[in-house]
Amino acid sequence: MTDAITINITDQTGRIDAILANENLPYSRTVLASWIQSGEVLVNGQRVKRSYQVGSGDVIRILPPAVQTTEIMPEAIPLEVIYEDDDLLVVNKPQGMVVHPAAGHTSGTLVNALLHHAPLSTINGEFRPGIVHRIDRDTSGLLMVAKNDQAHQALSAQLKAHKNERIYYALVRGEFEENSGTVNAPIARHPVDRKKQAIQENGREAVTHFEVITRYVGYTLLKVRLETGRTHQIRVHMTYIGHPIVGDPVYGSAQKLPGVSLAGQLLHAKTLSLTQPTTGENLTFDSPLPDNFERALATLTPINPNHD
């Protein structure tokens, strides 16, 4: 069982779920909210609701439930391991691979492959061992994976403090006049379609920076840097500014390229930087664009930047 966590409140005020979300804990806000509801989070020894208003002198005690023995089976699925040490792995996930199992979907995922390759941290429970952050099934590229709980806590804290650099390449529809820009628009679950995210005033802060790499006739290749990491953030933000990612079946009407077969959005997690949890060394990794991405670019007509 993971050790209990005690938080002594001094000057913090607000709802308990919001307070915990700002404590750099190695658990997602959703997990913490579920623990409040099920009684694994106590205030002064008593169960409380998520709406409980924390006050000075309160003592919050988090009792993470024991991690159940996983029923997720290791599978000998090929992995492209970019880096590995005793604490972590960096893998290059192919497009089309789901990161972790969900109920009713327990095989063929990155986690199944990872369990066959190495021991993983247990912080995220039975379906997401080792997973510090995720990318969508049809997004390719780099992911960091924790091999023990201490590394997981450290890597999660880096993410929360925005100390990691995560750079994506995205091919989007339309041409940009500007060379760079920032999208700052809050994201929350779509009010009608619960499988989608949407820009909403009451959503969580979401900030995406972009830079034009290459202009093509009708399209633009962007370098995109995440400041926050909301679900589907880049896909939602690009659609919001009128430049949906090519091939996105959810937010971009699965735009087609003549003569190119696309299996999903042309979005690749290209560069990842992190601090090694034990040594403190700063590490940066890069991965080339996958073949299908390169083939798509080869069909486009570049725009001469000096052309009047």
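Please treat every number below as a calculation from the coordinates, not as lab data. Here the structure is a predicted model, which means the values were calculated and not measured. FYI the Cβ positions are ideal-geometry reconstructions off the backbone, even for glycines, and counts take in every protein chain you see.
The residues in segment 35-60 that are surrounded by 15 or more Cβ atoms within 10 Å (Cβ to Cβ) and either farther than 24 Å from ASN148 by Cβ or of a type in the set (A, V, I, L, M, F, W, C) (or both) can be counted, and the count is 11. Restricting attention to segment 250-290, the residues being assigned to a loop (DSSP other than H, G, I, E, B), of a type outside the set (A, V, I, L, M, F, W, C) and in contact (Cβ under 8 Å) with a residue 40 or more places away in the chain number 12. Among the numbered conditions (1) farther than 23 Å from LYS160 by Cα; (2) touching a strand residue (DSSP E or B) at 6+ places or on another chain (Cβ under 6 Å); (3) outside any strand (DSSP E or B), the only one that LEU42 does not meet is (3).
Only one of (1) among the polar types (S, T, N, Q); (2) under 14 Å from the mean Cα position of the chain (by Cα); (3) over 22 Å from ILE131 (Cα atoms) is not met by GLN158, so which one is it? Here GLN158 clears every test but (3). Among residues of segment 131-151 that are under 9 Å from LEU120 (Cα atoms), those with a beta-carbon under 6 Å from a residue that is among the acidic types (Asp, Glu) at least six positions away or on a different chain give the pairs LYS147/ASP87.
How many residues, within segment 207-256, are of a type outside the set (S, T, N, Q), closer than 15 Å to LEU289 by Cβ and surrounded by fewer than 19 Cβ atoms within 10 Å (Cβ to Cβ)?
Matching residues across segment 207-256 total 3.
Of the residues making up segment 16-30, one or more are among the hydroxyl-bearing types (Ser, Thr, Tyr), closer than 26 Å to ARG134 by Cβ and either part of a loop (DSSP other than H, G, I, E, B) or touching a residue at least 60 places away in the same chain (Cβ under 8 Å) (or both). Under the condition of being farther than 23 Å from ILE303 by Cβ, part of a loop (DSSP other than H, G, I, E, B) and not small (Gly, Ala, Ser), the residues counted in segment 218-247 number 5.
In the condition set (1) more than 17 Å from the chain's Cα centre (by Cα); (2) surrounded by 15 or more Cβ atoms within 10 Å (Cβ to Cβ), SER273 is compliant with all but (1). I want to confirm something. Restricting to segment 167-187 and keeping residues that are surrounded by fewer than 17 Cβ atoms within 10 Å (Cβ to Cβ) and over 19 Å from ASN304 (Cα atoms), which single residue is farthest from the chain's Cα centre (by Cα)? Ranking the candidates gives GLY181 first.
Looking across segment 30-46, the residues that are within 15 Å of LEU63 (Cα to Cα) and either among the β-branched types (Val, Ile, Thr) or touching an Asp or Glu at 6+ places or on another chain (Cβ under 9 Å) (or both) come down to VAL31, LEU32, ALA33, SER34, ILE36, VAL41, VAL43, ASN44.
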